[in-house]
Amino acid sequence: MCCPLLILVFLGPRFAFGFVWLFTSRVSEAFSGNWILALLGLIFLPWTALAYVAAWAPTGGVTGIGWAVVIVGFILDIATYSGRAAQQRYESSR
């Protein structure tokens, strides 16, 4: 399961998150059945939501190094959004 999931992550975080949500129960367990929060994560912060699901453990939730993984996911989301804005500014200045 690890290798196909890794390939999906490189295709896009929304695609990978959707795949995990459809074919495993990890998203439902990680978000405690709150599908609205999972859907908002899928739409607005896909890297963060995917990192949260990956770092979540059934026995204790997200702890320790797991929060570092979630923070890296958040940084990737911010970088994605700021990269798009910078590209639009660059293209409009030409």
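Here is how the numbers come out for the structure above:
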{"item": "Test: residue in the stretch 1-16 that is under 9 Å from the mean Cα position of the chain (by Cα), outside any loop (DSSP other than H, G, I, E, B) and among the basic types (Lys, Arg)", "result": "yes"}
{"item": "Those residues of the stretch 47-94 which are in a helix (DSSP H, G or I), of a type in the set (S, T, N, Q) and surrounded by fewer than 17 Cβ atoms within 10 Å (Cβ to Cβ), in sequence order", "result": "80, 82, 87, 88, 92, 93"}
{"item": "Cβ pairs under 8 Å, 6+ apart, first in the stretch 23-36 and more than 12 Å from residue 56 (Cβ to Cβ), second assigned to a helix (DSSP H, G or I)", "result": "35/28"}
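Coordinate-derived values only; no laboratory data. Predicted, not measured: the structure shown is a model, and the values here were computed from it. Neighbour counts are summed over all protein chains in view; Cβ atoms, including those assigned to glycine, are modelled from backbone coordinates with ideal geometry.
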